[in-house]
1. Filter the range 217-236 for residues that are part of a loop (DSSP other than H, G, I, E, B) and free of Cβ contacts under 8 Å to residues at least 24 places away in the same chain and give the result.
2. Identify the residue in the range 85-106 that is in contact (Cβ under 8 Å) with a residue 24 or more places away in the chain and part of a loop (DSSP other than H, G, I, E, B) and, among all such residues, is nearest to residue 194 (Cα to Cα).
3. What are the residues in the range 84-108 that are at pLDDT below 85 and surrounded by 12 or more Cβ atoms within 10 Å (Cβ to Cβ), if any?
4. Does any residue of the range 237-249 turn out to be modelled with pLDDT of 95 or more and assigned to a loop (DSSP other than H, G, I, E, B)?
5. If a residue must be without any contact (Cβ under 8 Å) to a residue 12 or more places away in the chain and farther than 21 Å from residue 156 by Cα, how many such residues does the range 191-216 contain?
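The values are calculated or read from the model by the stated rules, or taken from the named source; none is laboratory data. No experiment lies behind these values; they were computed from the predicted model shown. A quick note on method: Cβ atoms are made from the backbone with ideal geometry, for glycine too, and the neighbour counts reach across all protein chains shown.
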């Protein structure tokens, strides 16, 4: 979702200038999603908002040349376009020449790794919708020794305060008494899900990094760097999202 001031959307859709749009708003001549708007400052999703000015419905801008980027997010950055606490955002790492982009989904401030950026609202909604069932894989360092019993619990679902998690896929990489390094794949997006899953097993997460979203892999992309995603990959992701809506359970990939 890309929130933009109403008068700018009206101007961008070619009806009039921003200043004239402000006059129409104050005069009560603008309806947004069926509701009269008479105050300035309102922001709306420029891709989906329905606007009438003087009884004329404004057609949305049909954009075909979208931007799709993958970024290796460092720690300390929030996954939002703007932050009211003036913290660093992932968009601070992207040159302004790319225009208005927004993150697809989120990584919390203490999680690093792969995050997607785009100006394609439809794609973002598709990828983040719960029914899409896209696998997301993370590499985690957790406190203590993860046992086979712990793995079984993770793969069969963990009971959290907001429900039982869907089955996951776990791959142990290095196990010691002090800590365990592993990869875990999930297809949900509950808030702080992986951290809460391990906390419930008394194995707090010490470090967490997302390394893939479906077929998009972080690979050797340097921390804080980004690169474009091939359009063929984007189309394949869309296909997977639509197929995912027919899947009722997690099916690990080989």
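1. Listed by number, the residues that qualify are 219, 220, 230.
2. By that ranking, first place goes to 106.
3. Selection gives 100 alone.
4. no
5. 0
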